[in-house]
Amino acid sequence: MPASIRLAYLKHYPSVWAAALEGGVADVFPAEVRGAPLNLDLRPAYAPDRRQYHATLILASLLRHRPDEDAKILGVTPVDLYIPVLTFVFGQSQLDGPGAVISTHRLSNEFYGLPPDDGLLLERAIKEAIHELGHAFGLVHCPRGACVMHASSYVEDVDLKDPDFCADCRRGLLD
């Protein structure tokens with residue numbers, strides 16, 4: 001495990017919400033978890049034809065801001081992310097690598113025409129943060145539907161997962 005996990009907020013998030021996200025991540029990972037705003041220019045990652053941001057380009061830019069070589073960094077952004085082979089992604093990570101990024105864009109009820117629900121948005125963001133950090137720690141997708149490492153194609157898939165690893169993934173994380 002690294003000495004620290006840095007959550008880099010790529011746009012303003014309310015401090016109470018950010019603190020709760022950091023706490024949710026800290027509940028699962030035995031590392032120091034700290035958050036900080038990061039002024040990262042996302043314009044080079046914008047694809048006007050898709051009206052989305054290329055997650056891989058954001059991740060590459062984000063990695064230049066790791067606090068030290070032993071830390072993991074997770075970018076948190078409200079912009080809609082994609083990778084070329086998929087319509088959208090909730091997040092992206094480097095498998096067994098130093099960084100990851102998640103988007104709250106499609107995790108919010110408002111995207112689906114529903115009333116805002118900050119509590120649900122936070123629950124979803126915690127799950128996605130843990131999921132992408134799990135990849136950064138070398139875990140792959142899990143076949144168990146309740147495990148946080150189960151793949152999510154839809155927001156409903158995120159809702160069905162627990163905000164923690166199954167026993168097998170937990171063992172894989174600690175190996």
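The values are calculated or read from the model by the stated rules, or taken from the named source; none is laboratory data. Since the model is a prediction, treat every value here as computed from it, not as a measurement. Here Cβ is always computed from backbone atoms with ideal geometry, including for glycine, and neighbour counts include all displayed protein chains. Heavy atoms of the whole protein, side chains included, go into the accessibility calculation; ligands, DNA and RNA do not. Shrake-Rupley method; radii C 1.70, N 1.55, O 1.52, S 1.80 Å.
Could the peptides 90-101, 109-120 be put in order, highest first, of the mean number of other beta-carbon atoms found within 10 Å of their residues?
Details: 90-101: 21.1, 109-120: 10.9.
Output ranking for 90-101, 109-120: 90-101, 109-120.
Helix-only mean residue ellipticity at 222 nm, the chain, DSSP H runs n ≥ 4 weighted -39,500 (n - 2.57), per residue, nearest 500. What is it?
Only helices count here, giving -9500 deg cm²/dmol.
Report the extension gain between D96 and L174 in nm, rounded to one decimal, defined as 0.36 nm multiplied by the number of residues separating them, less their alpha carbon distance. List each step's numbers first, then the result.
On the way: separation 78, 0.36 × 78 = 28.08 nm, distance 1.30 nm.
So the chain would gain 26.8 nm between D96 and L174.
Relative contact order for the chain using alpha-carbon pairs under 8 Å, separation at least 6, rounded to a whole percent? Spell out each step's value before the answer.
Working: 325 pairs, mean separation 32.1, N = 175.
Relative CO of the chain lands at 18 percent.
Pairs of Cα atoms under 8 Å, at least six residues apart: use those to get the relative contact order of the stretch 126-165, whole percent.
Values: 45 pairs, mean separation 17.2, N = 40.
Averaging sequence separation for qualifying contacts and normalising by length gives 43 percent for the stretch 126-165.
Tell me which cysteines of the chain come out unpaired when the rule is another cysteine's Cβ under 4.7 Å.
Unpaired cysteines in the chain: C169.
Of all beta bridges DSSP finds with both residues in the stretch 4-93, what is the antiparallel percent, to the nearest 5?
Close to 25 percent.
Have a look at the DSSP beta bridges in the chain and tell me what percent are antiparallel, nearest 5.
Details: 7 of 25 bridges.
The antiparallel proportion sits near 30 percent.
Considering only protein heavy atoms and a probe of 1.4 Å, how much of the accessible area of the stretch 61-167 is carbon and sulfur, as a whole percent? Please list the in-between numbers first.
Values: 2570 of 4750 Å².
Exposed carbon and sulfur together represent 54 percent of the surface.
If a/c stays under 1.5 just call it rounded; otherwise compare a/b with b/c (prolate if a/b is bigger, oblate if not). Do that for the chain, with a ≥ b ≥ c from the square roots of the Cα gyration tensor eigenvalues.
Numbers: a/c = 1.34, a/b = 1.12, b/c = 1.19.
Rounded, because the longest to shortest axis ratio a/c is under 1.5.
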